[in-house]
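Here's the structure we're looking at; comments come further down.
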Amino acid sequence: MYGLQGGGAHYPFPKEVWTPSGGWWSRPSNWATNTAICVFGIGIATFGVWRLSASKEQRHIAPTRAIPSQRWSPQAREIGVRQE
């Protein structure tokens, strides 16, 4: 009974159709390498934007409580927390 489940065999498809996603049942042999390269690139880009944002962050009024950006923003670390 359980052996009859599933989507069935791959059906015939036109070979001359080009698709940007790779076509029917695409599974390139180097998918893991491509994924690792993309994850590494996105991580480097995120780190660069994070550093740029932290270096340009400015607070004109000291916060009334501790904020997460005080851990990585030099200016936020200098002004500290305002006591009310």
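The figures follow:
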read-out: Residue that is farthest from the chain's Cα centre (by Cα), among those in region 39-84 that are surrounded by 11 or more Cβ atoms within 10 Å (Cβ to Cβ) and aromatic (Phe, Trp, Tyr); value: Trp72
read-out: Residue list for region 24-64, filter: of a type in the set (Gly, Ala, Ser), over 20 Å from Pro74 (Cβ atoms) and assigned to a loop (DSSP other than H, G, I, E, B); value: Ser26, Ser29
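Taken together, the values in this text are just the output of simple stated rules run on the coordinates, not laboratory data. For clarity, every value in this text was computed on a predicted model and none was experimentally measured. Cβ atoms come from the backbone with ideal geometry, glycine included; neighbour counts cover every protein chain shown.
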